[in-house]
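Structure first, then comments.
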Amino acid sequence: MKFLVFIETDMGDAVASSWEALGAALSLSEDVEALVVGDKVSVVAEEAVQRGASKVYVVEDETRALFDLDRALADVKHVLDMSAADAFLASHTLNGRDLAAALAAELDAGVIADALELSLEDGRLKGVRGVYSGNILVDVTVDGSPQIATLRPRAFAPAEKVEGRTAEVVLVDPADADSPYEVLGVQRAEKGEISLTEASIIVSGGRGVAKDPELGFDLIRELAGVLGAAVGASRAAVDAGFISYDHQVGQTGKVVRPDLYIACGISGAVQHLAGMGSSKIIVAINKDPEAPIFSVANYGIVGDLFEVVPALTEAAREKLGK
Amino acid sequence: MRYLVCIKQTPDTAELPKVSPEEAASGNLSVNLVVNPWDEHAIEGGLQLMENYGGTTGAITVGGEGAIDALRSALAMGCKDATLVQYEGSTDALNVADLLAAAIKNDGDVDVVVMGQMTVDGNTGLTPVVLGRKLGWPVLTGVAKVVELTEDSITVERSVGQSRITVKAPTPVVLSVVKEIGEPRYPTFINIRKAARVKIPVLTPEDLGVDVPEPKVHMANFRKPPAREAKVKLFEGTPQEAAAALIDALLEEKVL
Ligand SMILES: Cc1cc2nc3c(=O)[nH]c(=O)nc-3n(C[C@H](O)[C@H](O)[C@H](O)COP(=O)(O)OP(=O)(O)OC[C@H]3O[C@@H](n4cnc5c(N)ncnc54)[C@H](O)[C@@H]3O)c2cc1C
Ligand SMILES: Nc1ncnc2c1ncn2[C@@H]1O[C@H](COP(=O)(O)O)[C@@H](O)[C@H]1O
C-alpha cells in the first residue's frame, strides 16, 4: 500500500505531529511518500528524507507560508495525481482536519478522523477512534480512493531521523488556485510557550487556586517551567478568568495526550476527563481525598496545592539538577 | 442579512460515560439529549451577528423527530426561526452536508452559516469544511471573533494552533466557531414561552430533492475503552517529603 503523508508547515517550520503521521505510515508500509507544502521549506523536505520518506514532493511558494485551505487542497490533488497513493494521511490539527475534510468532499470519500490507532486489514486501512468523547471506541474503515485518515497528535511515535538517508526530492509547481482568504494579521503565542496538544508534560490548575488565583497559577507556571511542561486549566479556572481559554483542557477545550498530566486543584469532572483521560500518567494534587480525580490518577498527594506545588518545584529542581 | 446556525442534538456531556456500546452502535440512546455544547456557542455567535449587523438568525438541524427539542432550545435562546431536516438514517459528514447544503439553498439568501467546532458524539469536526466545499463557499474554522461583516465580506479572528490569524473572506461563508465567540446566553422566559408555541417546519430529503447517499465511513466493533488500571498511589508526610517521593516515582516511570 502506498501512502502520501501531508507534512504541515508554519512559516517554514514543520508542525511536529506531521512526523507522527509519517511514522504511522512507515510502520505499515515501505512505500511512503511525503508532501511538504510551505515557504522556505528545504530544511523540512530534507528532514522528511531523513525520517524515512521514499520520495518527497515539495511545493514551495510565498503564498504557502501560512496554511491556506484552497491552495493546499489544489496542491494535494495535483500531487495525488502524480503519486497515485492508496492512502492519504495528515495529523488531526485544525489545518490537517480541514484539509482532509476538503479532500473528502472533493473525492466523495470518507475520513478516518482523529485516529488513535491504524492498521492494514485485507489491503484496507483500518483506524480505531473514539466517539462519544472517547467513552466508546470503534473500528473505522472508509470508502474512497485514496483512503483518507487524520491522526490524533501524540497517539503515534514520530518517524525516526537517521542522518545520511537519501531519497528523491521532487519540486512541484504550486497548483493554480485562487484563494478566497486574505490574511490581514498574525499574532503568535509568546516564545517558549509549549503547545498543549504537542506537550509531553502538562501541569494544570483548577478552581482549587481560587483563594489566590494569581499566585496559584504563578506556582503552576514555575513547576511547568522546571519540567518543560505546558500549562493547562479546567473550565472553572478559565471561566473565573484565572487564565485564558486557550489553556482549557476538556470537553469544550483541548483534548490532550501527554505522558504526564499533573492536575492541581481540579476535581476531575467527566468533562475534564474527556480532555485528559488518555494521558499516560495522571497525578492529582487535591486537598479533598474524595475528589473523583483520584479514581483516574496513578499518583496523588492529598494536600494544599499552595504548599505541594512549590515543594514539587523544589524537589524537581534538585532531582533534575536544574 | 440572513444567518443560519447548524446544530445537532447530542447527549448531555455528564451522561456521555453512560452510553453503552450497544446504544452507540444503534444510535438508540437512553441518555438525556441536549444541544451539542459547541453548537450553543455557535447559536450565541449567530445571535451576536443579528444584534450587531441586523437581519435574522435561524437554526437548523438534521435529525430525528426528537431533535425538535434542540431547535426549541435555540429558539428559546433567541433564534427567530427553526427548521428540522428529518432524517433518521445513518450519517457521516458527507451526507449531513448534502442535506444541509440543500436546506441552505432552500432557505434563500443565507449570508453566514454558523457551526460548532465539533460534536461531542461524532467528534470529527469535519462537517463545516465539507459543507463549505459542497456549497462552493469559503470556510473559516476556529473562529474566535467576528471583527467585521459587510455586504460582501467578513473579517474574523481565527484561533489556529498557537496563533491568532485575522482573515477576510467574501460572503456567503461558512464559519465554525470556538468558545471564545461568547458564552451561550440563557433563554429568557418570554422566549421559552414563544418557543414552545412555534410550529417548526419539517423538511424531508425528498422535499429538498436529496437522494441521501450511504455513509462513506463504516464503524464496527463498538466497545468501551480499556479501564485505566490506575489504583492511585498516595504519597504522605510533609509536602516536602511527599513531593520528593512523587518526583522519584515519576523519574522511575520515565515521564520526567
Ligand atoms: C457542556 C459542558 C462542557 C464542559 N467542558 C469542560 C471542559 O472543557 N473542561 C473542564 O475542565 N470542565 C468542563 N466543564 C465543567 C466541568 O463540569 C466542571 O465544572 C469543571 O471541570 C470543574 O473545574 P474544577 O475541577 O477546577 O473545579 P471544582 O470542581 O470546583 O474543583 C476544585 C477542586 O479543587 C480542590 N481544591 C480546592 N482548594 C484547594 C487547594 N488549596 N489545594 C488543593 N486542592 C484544592 C477541591 O477539593 C476540588 O476538588 C464542562 C461542563 C459542561 C456542562
Ligand atoms: N446533524 C447535524 N445537523 C446540523 N448540524 C450538524 C449536524 N452534525 C454536525 N453539525 C454541525 O457540524 C459541526 C461539526 O460537527 P462534526 O463534524 O460532526 O464534529 C457541529 O458543531 C454542527 O454545527
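The values are calculated or read from the model by the stated rules, or taken from the named source; none is laboratory data. These figures come from a predicted structure and were not determined experimentally. Using ideal geometry, Cβ is built from the backbone for each residue, glycine included, and neighbour counts are taken over all protein chains shown. Side chains included, ligands, DNA and RNA excluded: accessible areas come from the protein's heavy atoms. Shrake-Rupley method; radii C 1.70, N 1.55, O 1.52, S 1.80 Å.
The single condition from (1) out of contact with any strand residue (DSSP E or B) (no Cβ under 8 Å at 6 or more places or on another chain); (2) more than 7 Å from ligand 1 (Cβ to nearest atom) that A:A236 fails is (2).
The residue that is nearest to the chain's Cα centre (by Cα), among those in the range A:285-322 that are aliphatic (A, V, I, L, M) and more than 7 Å from chain B (Cβ to nearest Cβ), is A:I293. Take the conditions (1) within 16 Å of ligand 1 (Cβ to nearest atom); (2) under 17 Å from B:K199 (Cβ atoms); B:W38 misses just one of them, which is (2). Taken as a whole, the range B:109-126 holds no residue that is away from ligand 1 (no atom under 16 Å from the Cβ), among the charged types (D, E, K, R) and assigned to a helix (DSSP H, G or I).
A count restricted to the range A:153-179 and to residues that are away from every other protein chain (no Cβ under 14 Å), open to solvent by 60 Å² or more (accessible area, probe 1.4 Å) and of a type outside the set (V, I, T) stands at 11.
Consider the range A:273-291. How many of its residues are within 15 Å of A:N135 (Cα to Cα) and open to solvent by 10 Å² or more (accessible area, probe 1.4 Å)?
We begin by selecting, within the range A:273-291, every residue within 15 Å of A:N135 (Cα to Cα); these are A:273-279.
Retained after the next criterion (residues that are open to solvent by 10 Å² or more (accessible area, probe 1.4 Å)): A:273-274, A:277-278.
Qualifying residue count for the region: 4.
Each residue in the range A:180-214 was checked for being more than 16 Å from ligand 1 (Cβ to nearest atom), open to solvent by 30 Å² or more (accessible area, probe 1.4 Å) and either more than 7 Å from chain B (Cβ to nearest Cβ) or in a strand (DSSP E or B) (or both), and 11 of them qualify. B:G161 passes every criterion in (1) at the interface with chain A (Cβ under 8 Å from one of its Cβ atoms); (2) open to solvent by less than 40 Å² (accessible area, probe 1.4 Å); (3) in contact with a helix residue (DSSP H, G or I) (Cβ under 9 Å, 6 or more places away or on another chain); (4) not polar (S, T, N, Q) apart from (2). Listed by position, the helices (runs of 4 or more DSSP H) contained in the range A:19-117 that have at least 3 residues being at pLDDT 95 or above and within 14 Å of chain B (Cβ to nearest Cβ) are A:69-83, A:94-107.
Looking at B:G142, is it open to solvent by less than 40 Å² (accessible area, probe 1.4 Å), on the phi > 0 side of the Ramachandran plot and within 7 Å of another protein chain (Cβ to nearest Cβ)? It is true that B:G142 is open to solvent by less than 40 Å² (accessible area, probe 1.4 Å), on the phi > 0 side of the Ramachandran plot and within 7 Å of another protein chain (Cβ to nearest Cβ). Residue check: B:D69 meets all listed conditions (1) within 16 Å of ligand 1 (Cβ to nearest atom); (2) away from chain A (no Cβ under 13 Å); (3) over 27 Å from B:S153 (Cβ atoms) but one, namely (1). Applying the set (1) touching a helix residue (DSSP H, G or I) at 6+ places or on another chain (Cβ under 9 Å); (2) of a type outside the set (A, V, I, L, M); (3) farther than 20 Å from B:L140 by Cα; (4) buried (at least 24 other Cβ atoms within 10 Å of the Cβ) to A:R129 leaves exactly one unmet item: (1). Apart from one condition, A:R221 fits all of (1) facing chain B (nearest Cβ under 10 Å); (2) open to solvent by 30 Å² or more (accessible area, probe 1.4 Å); (3) under 19 Å from B:P239 (Cα atoms); the exception is (1).
When A:K161 is tested against (1) closer than 22 Å to A:L94 by Cβ; (2) assigned to a loop (DSSP other than H, G, I, E, B), exactly one condition is not met: (1).
Among the residues of the range B:42-61, are any within 12 Å of ligand 2 (Cβ to nearest atom), over 24 Å from A:R97 (Cβ atoms) and of a type outside the set (G, A, S)? No: the range B:42-61 contains no residue that is within 12 Å of ligand 2 (Cβ to nearest atom), over 24 Å from A:R97 (Cβ atoms) and of a type outside the set (G, A, S). The residues of the range B:68-94 that are surrounded by fewer than 23 Cβ atoms within 10 Å (Cβ to Cβ) and over 27 Å from B:R197 (Cα atoms), listed by number, are B:G89, B:S90, B:T91. Against the list (1) in contact with a strand residue (DSSP E or B) (Cβ under 7 Å, 6 or more places away or on another chain); (2) facing chain A (nearest Cβ under 10 Å); (3) away from ligand 1 (no atom under 16 Å from the Cβ), the condition B:C79 fails is (2). Being under 18 Å from the mean Cα position of the chain (by Cα), surrounded by 21 or more Cβ atoms within 10 Å (Cβ to Cβ), at the interface with chain A (Cβ under 8 Å from one of its Cβ atoms) and within 11 Å of ligand 2 (Cβ to nearest atom) is the requirement here; does B:V130 meet it? Yes, satisfied.
Would you pick out the residues in the range A:85-117 that are open to solvent by 20 Å² or more (accessible area, probe 1.4 Å), closer than 21 Å to A:G275 by Cα and of a type in the set (A, V, I, L, M)? Result: A:L94, A:L116. Residues of the range A:292-314 that are near ligand 1 (Cβ under 9 Å from one of its atoms), open to solvent by 30 Å² or more (accessible area, probe 1.4 Å) and not in a loop (DSSP other than H, G, I, E, B): A:P292, A:V302, A:F306, A:E307.
Scanning the range B:15-27 for any residue that is surrounded by fewer than 23 Cβ atoms within 10 Å (Cβ to Cβ) and within 13 Å of ligand 2 (Cβ to nearest atom) turns up at least one such residue. In this structure, is A:L107 under 20 Å from the mean Cα position of the chain (by Cα), closer than 24 Å to A:Y57 by Cα and among the hydrophobic types (A, V, I, L, M, F, W, C)? No, not satisfied.
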